[in-house]
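Take a look at the following structure, please.
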Amino acid sequence: MSFLVATAALCASGVGLLGALGLRTRRWAVDVPLGWFVGAGWLGLAMLVVRILLGVPYTAATAVAVLAAPLAAWGVREMLRRRRGGPAPLALRPARWIPRPAWLFAPMALYVAFVVVVVALHGMNSPTETDDGYRVRAFAPLLAHADRWEPAARSVLWMAGPVPTWVPSLAWRLGFPVDHFHVNATVLATLLAFLALAVGLASDRGRPEEGWGAAFVVLSLPLLAYHVTTTYADAPLALFLGAAFLFLVAWGRSGDPADALRALLLLLAAAQVKREGEVLAGTLMALVLAQAAWRARRDGWALPRRLALLLVPFVLVLVARAAASGAARSFDLLSLLASRGEVLAAPAPASAAAAGVRPLLPLFADALLGLGSTGILYWVLPAAVLLLLPVAWRSGLLPSLAALALLFGQFAVATLWLFPEFTRDQTTVHRALLPVSVPAAAWLAAVVVAACAGGPPATVPPAGSGPAAPGSSGGSGARRSTRGGGGGSRGSRR
Amino acid sequence: MGTQVTAPGAGPGRAARSRSAVAAAILALLAGCSGPPRSAQLREIPLAPGGLVMPVDGFAMTMLPLEGLEAMEIEYRASGQISLSYGTAASPEGMQSLDQPWRHVTLAPGTGRLRMDFLTTRNWSPFQRVYLRLAGTGQLVITRAWILPLPGAAEELRETANRAWRSVPISLGHYSVNLLDPPFWRVSDMSLLFPRLGWLFLALTAVGTAVTSLWRRRFRPGPALALAAVAVMGLGDGLFWWRMLPALDLRLPAGPEERIRDGYRFDPEVGPLSALARAHLRPGDRVGVMVPPGAWFLWEAICFNLAPRRCVNLEPGAAEHAGLQGVDRLALGDVDAIVTLHSPEPLPPGFTPVAVLNPSAKVARRP
């Protein structure tokens with residue numbers, strides 16, 4: 001019960017932030033799960049600033065104030081909108097909830113429901129018993145609850161990231177008893193939010209097949225299905241990135257800057273999960289902004305300032321984590337890159353050269369294709385890219401494919417060059433692949449559904465030149481109705 | 001497609017590219033070594049009048065004078081908090097490994113019957129002896145035992161091993177967050193299941209695309225790719241969950257104290273002792289944990305379960321003791337309560353047991 005209360009508060013706060021930024025879709029099936037991700041990111045960022053930078057103690061009042069702030073901002077925005085007498089929000093187009101054909105999607109939906117039940121039961125029955133769990137991932141929330149930030153504790157925060165640190169502790173801070181299983185519940189809630197967002201968003205856009213397809217593929221990743229029953233943060237990072245990709249895919253089709261803004265918000269939240277989140281999400285944010293700038297120039301609309309302004313909280317995350325744990329530690333990836341570069345630049349004897357990338361390639365291939373951690377995803381994905389590239393181009397999915405390639409490239413560099421030992425002994429290489437695999441599943445579902453729908457997608461102009469018309473509380477404005485499961489839309493060209 | 005993988009039993013800690021002991025043993029059999037004639041049924045073996053008694057305080061290992069077994073079933077009587085690991089080994093070092101795949105089971109107090117399949121254990125070899133490794137505190141008495149020898153013919157042995165590896169449930173261990181037990185298609189030639197599924201997907205996609213393209217006179221691979229992906233993913237999912245479900249705890253969740261007490265699968269005493277300590281310690285107590293030297297899992301798991309209480313590992317002779325990630329640092333004089341589990345050291349002066357799980361697992365505090 002206590003976790004449900006905290007979840008509701010977090011979702012409400014996230015929806016409030018969406019409302020304050022004018023990014024609500026006004027579809028509760030989308031806004032509530034989106035609110036989980038956005039609320040988690042907001043809580044992490046706010047606590048970094050409030051507790052670490054400003055030194056305000058983490059009390060119940062602090063937590064309530066942080067949660068309430070977005071709701072208050074949304075209320076103020078609504079009040080101002082009504083005073084200005086702006087236009088009423090445009091009517092939502094009808095969503096399509098039932099995927100077709102039913103004979104294919106009914107078993108898929110049953111499978112999704114089966115896996116959710118199974119992982120929820122096992123996850124909630126499993127106390128933390130793997131070392132990284134009780135040393136870092138599940139330990140950080142307990143330190144947050146105790147409000148202890150001496151240097152050794154800050155190193156735990158640096159490793160865990162703000163979101164996995166403060167989100168599980170929220171219920172305890174609001175007055176409920178400390179329950180170690182809230183860490184498990186947080187991971188499971190993130191999975192549920194992703195699945196709900198995938199289905200809700202796709203149904204809202206008239207393509208429920210895409211949402212159910214993404215849910216099916218994600219739950220066909222065996223290692224992810226096991227990871228969501230643990231307290232490790234690899235699955236949450238993968239799911240946060242996956243949620244961002246849902247909106248990157250949507251943006252590619254719709255051309256609506258509001259979708260790009262939502263993707264950036266989700267990337268901002270993902271940047272606060274694990275150390276790796278900063279790097280993965282940060283590079284994706286840069287790519288998305290570059291794509292937005294190119295698109296704005298091509299389509300002739302002004303790049304919304306808010307897109308670029310979202311970089312500010314990202315920089316704040318970096319600054320606050322550096323303040324928490326020290327600049328040198330915060331940027332250890334750079335020093336690692338530098339040290340690897342020095343090693344490679346030095347003359348190497350033949351034996352050292354043999355320990356290069358090439359011997360790792362069969363092991364790398366095993367991780368992707370043979371050992372089953374990601375099922376057959378990396379058999380299907382290249383086939384889809386090769387065979388369906390024209391569909392991806394017509395459906396506006398190339399930008400999100402580029403983002404996926406960026407993620408995969410970082411994974412390859414990390415596992416073949418930065419940390420080859422973990423590929424050599426087949427340990428963390430498999431869970432390092434999860435943050436690539438969930439976004440890949442989202443992209444795969446989109447391109448396959450687009451290919452099955454057949455025909456070029458309908459072309460519609462973007463919804464205004466910004467995320468929302470002045471005076472509207474909706475985020476996306478009007479959207480043209482589409483039929484069936486494959487009709488996408490993209491920005492107009494001049 | 002390379003199917004060179006970490007051999008079964010080599011574990012994620014070693015990237016052995018050489019053939020596994022399994023493959024080597026089967027190859028030896030193929031080369032002409034034949035085993036004993038195979039019994040169609042389990043054969044009971046005689047035991048001493050009181051059965052095979054295995055007390056344990058910490059851990060205990062027994063290597064049985066049995067080789068060339070496919071499986072063994074036992075009827076047993078267990079007391080205390082104990083877990084049983086099993087396999088075949090050539091040396092004491094081989095008996096101690098918890099690497100993948102780690103076949104283990106926690107034995108509830110009372111009587112029961114257990115089947116141990118050896119073909120799917122770590123580093124199995126028909127030329128190695130069966131071992132049983134107990135962890136915890138208590139006693140296992142094997143009252144009856146049956147053995148199933150290996151098939152005599154090499155071909156039958158190979159097929160038996162392949163069938164066993166295809167259907168063996170996944171064993172969860174410390175390594176599972178990195179890599180679940182790889183699913184083999186044919187362990188006799190070290191071929192894996194998922195590459196076969198991958199090729200099946202590609203074949204179905206190619207055939208489906210060819211058919212639809214000829215039928216519609218237009219190249220349209222999407223539907224064939226989609227159906228092939230869903231079908232083969234579904235097949236893979238079914239095979240995965242068939243092996244995974246037996247390893248999972250699917251009870252309706254009880255309260256957090258019960259789940260901590262009953263949910264630890266990697267050690268039989270950590271959960272019950274943690275629950276006992278949580279019940280008898282105050283929220284503000286500063287705790288020291290005493291465990292055998294090097295037993296990091298025991299003290300770390302206990303300290304985690306006692307958090308956010310300040311908790312440290314009490315190491316003999318140290319002036320200051322550190323907790324998880326070095327966050328907590330306490331001297332013995334600052335400690336209010338001690339949790340001890342198989343520690344070779346006695347309780348420090350001034351501490352009195354207030355709760356006892358077993359003679360080796362106690363909660364003590366200053367009066």
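For region A:370-383, which residues satisfy the criterion of being within 21 Å of A:Val447 (Cα to Cα) and either modelled with pLDDT under 95 or touching a Gly at 6+ places or on another chain (Cβ under 9 Å) (or both)?
Listed by number, the residues that qualify are A:Gly375, A:Ile376, A:Tyr378, A:Trp379, A:Val380.
On to the next question. Of the conditions (1) open to solvent by 30 Å² or more (accessible area, probe 1.4 Å); (2) assigned to a helix (DSSP H, G or I); (3) not polar (S, T, N, Q), B:Leu197 fails just one. Which one is it?
All conditions pass for B:Leu197, except number (1).
Give the residues of region B:63-95 that are of a type in the set (S, T, N, Q) and out of contact with any Lys or Arg (no Cβ under 7 Å at 6 or more places or on another chain), sorted by residue number.
Across region B:63-95, the qualifying residues are B:Ser79, B:Gln81, B:Ser83, B:Ser91.
On to the next question. Does B:Ser171 satisfy being small (Gly, Ala, Ser), within 11 Å of another protein chain (Cβ to nearest Cβ) and part of a loop (DSSP other than H, G, I, E, B)?
Taking the combined requirement at face value, the residue does not satisfy it.
Scan A:Thr231, A:Thr165, A:Thr190 and give me the residue that is touching a Gly at 6+ places or on another chain (Cβ under 6 Å) and either of a type outside the set (A, V, I, L, M, F, W, C) or without any contact (Cβ under 8 Å) to a residue 24 or more places away in the chain (or both).
Criteria check complete, one pass: A:Thr231.
Check A:Trp212 against each of (1) outside any helix (DSSP H, G or I); (2) within 14 Å of another protein chain (Cβ to nearest Cβ); (3) closer than 23 Å to A:Ala440 by Cα and name the one condition it does not meet.
(1)
Go through region A:116-130 and count every residue that is of a type in the set (Asp, Glu) and under 25 Å from the mean Cα position of the chain (by Cα).
The total comes to 0.
Which condition number in (1) surrounded by fewer than 19 Cβ atoms within 10 Å (Cβ to Cβ); (2) modelled with pLDDT of 95 or more; (3) more than 7 Å from chain A (Cβ to nearest Cβ) is the one that B:Ala228 fails?
Condition not satisfied by B:Ala228: (1).
Could you check, for region B:232-246, whether at least one of its residues is farther than 17 Å from B:Leu193 by Cα and more than 9 Å from chain A (Cβ to nearest Cβ)?
The answer is yes, given that some residue of region B:232-246 is farther than 17 Å from B:Leu193 by Cα and more than 9 Å from chain A (Cβ to nearest Cβ).
Looking at region A:357-371, which of the residues that are within 7 Å of another protein chain (Cβ to nearest Cβ) and assigned to a helix (DSSP H, G or I) is most open to solvent (accessible area, probe 1.4 Å)?
Filtering first and then ranking leaves A:Pro362.
What's the total number of residues in region A:142-151 that are open to solvent by 10 Å² or more (accessible area, probe 1.4 Å), part of a helix (DSSP H, G or I) and either under 15 Å from B:Glu300 (Cβ atoms) or not hydrophobic (A, V, I, L, M, F, W, C) (or both)?
2
Here's something else I'd like to know. Scan region B:186-218 residue by residue and report those that are touching a Ser or Thr at 6+ places or on another chain (Cβ under 7 Å) and either at the interface with chain A (Cβ under 9 Å from one of its Cβ atoms) or closer than 30 Å to A:Ser126 by Cα (or both).
Residues satisfying the conditions are B:Leu192, B:Pro195.
Name the one entry in A:Val288, A:Val279 that is open to solvent by 10 Å² or more (accessible area, probe 1.4 Å), of a type in the set (A, V, I, L, M, F, W, C) and in a helix (DSSP H, G or I).
Just a single option satisfies the conditions, and that option is A:Val279.
Counting residues that are away from chain B (no Cβ under 14 Å), which helices (runs of 4 or more DSSP H) fully inside region A:376-426 reach at least 3?
A:398-413
Moving on. Across region A:446-472, which residue is modelled with the lowest pLDDT among those that are within 13 Å of chain B (Cβ to nearest Cβ) and either farther than 21 Å from A:Leu266 by Cβ or open to solvent by 10 Å² or more (accessible area, probe 1.4 Å) (or both)?
Ranking the qualifying residues of region A:446-472, first place goes to A:Gly455.
Here is a follow-up. Would you pick out the residues in region B:256-270 that are basic (Lys, Arg), in contact with a Pro (Cβ under 7 Å, 6 or more places away or on another chain) and touching a residue at least 12 places away in the same chain (Cβ under 8 Å)?
Listed by number, the list holds a single entry, B:Arg261.
Could you tell me whether any residue of region A:161-171 is surrounded by fewer than 24 Cβ atoms within 10 Å (Cβ to Cβ) and either closer than 17 Å to A:Leu10 by Cα or within 10 Å of chain B (Cβ to nearest Cβ) (or both)?
no
Run A:Ala189 past the list (1) in a loop (DSSP other than H, G, I, E, B); (2) open to solvent by 10 Å² or more (accessible area, probe 1.4 Å); (3) closer than 18 Å to A:Ala120 by Cα and report the number of the one that doesn't hold.
The number of the failed condition is (1).
Is there a residue being within 20 Å of B:Pro353 (Cα to Cα), more than 14 Å from chain A (Cβ to nearest Cβ) and touching a strand residue (DSSP E or B) at 6+ places or on another chain (Cβ under 9 Å) anywhere in region B:297-315?
The answer is yes, given that some residue of region B:297-315 is within 20 Å of B:Pro353 (Cα to Cα), more than 14 Å from chain A (Cβ to nearest Cβ) and touching a strand residue (DSSP E or B) at 6+ places or on another chain (Cβ under 9 Å).
Residue under question is A:Arg135, and the condition is that it be of a type outside the set (Phe, Trp, Tyr), over 25 Å from the mean Cα position of the chain (by Cα) and either open to solvent by 60 Å² or more (accessible area, probe 1.4 Å) or over 27 Å from A:Leu265 (Cβ atoms) (or both); does it hold?
No: the conditions fail for A:Arg135.
To keep it simple, each residue is scored yes or no on (1) modelled with pLDDT of 95 or more; (2) in contact with an Asp or Glu (Cβ under 8 Å, 6 or more places away or on another chain); (3) of a type in the set (Gly, Ala, Ser).
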{"site": "A:Glu78", "(1), (2), (3)": "no, no, no"}
{"site": "A:Pro87", "(1), (2), (3)": "no, no, no"}
{"site": "A:Ala91", "(1), (2), (3)": "no, no, yes"}
{"site": "A:Pro99", "(1), (2), (3)": "yes, yes, no"}
{"site": "A:Leu110", "(1), (2), (3)": "yes, no, no"}
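Additional query: Say whether the condition of being touching a Gly at 6+ places or on another chain (Cβ under 7 Å) and of a type outside the set (Gly, Ala, Ser) is met by at least one residue in region B:65-74.
no
Turning to a different aspect of this structure: Would region A:93-103 turn up any residue that is within 14 Å of chain B (Cβ to nearest Cβ), under 30 Å from B:Gly173 (Cα atoms) and of a type in the set (Phe, Trp, Tyr)?
No: zero hits.
Okay, next question. For the subset of region A:106-143 comprising residues that are closer than 20 Å to A:Leu219 by Cα and touching a Gly at 6+ places or on another chain (Cβ under 8 Å), which member is nearest to the other protein chains (Cβ to nearest Cβ)?
Of everything passing the filter in region A:106-143, A:Asn125 is nearest to the other protein chains (Cβ to nearest Cβ).
Here's the yes/no breakdown for (1) open to solvent by 10 Å² or more (accessible area, probe 1.4 Å); (2) in contact with a Ser or Thr (Cβ under 9 Å, 6 or more places away or on another chain); (3) closer than 24 Å to A:Val199 by Cβ; (4) touching a residue at least 60 places away in the same chain (Cβ under 8 Å):
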position	(1), (2), (3), (4)
A:Phe3	yes, yes, yes, yes
A:Ala9	yes, no, yes, yes
A:Leu18	no, yes, yes, yes
A:Ile52	yes, no, no, yes
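The values are calculated or read from the model by the stated rules, or taken from the named source; none is laboratory data. The structure presented is a predicted model; accordingly, all values stated were derived computationally and were not measured. Note that each Cβ is placed from the backbone with ideal geometry, even for glycine, and that neighbours are counted across all protein chains shown. Please note that ligands, DNA and RNA were not included when accessible areas were found on the heavy atoms of the full protein model with its side chains. Shrake-Rupley method; radii C 1.70, N 1.55, O 1.52, S 1.80 Å.
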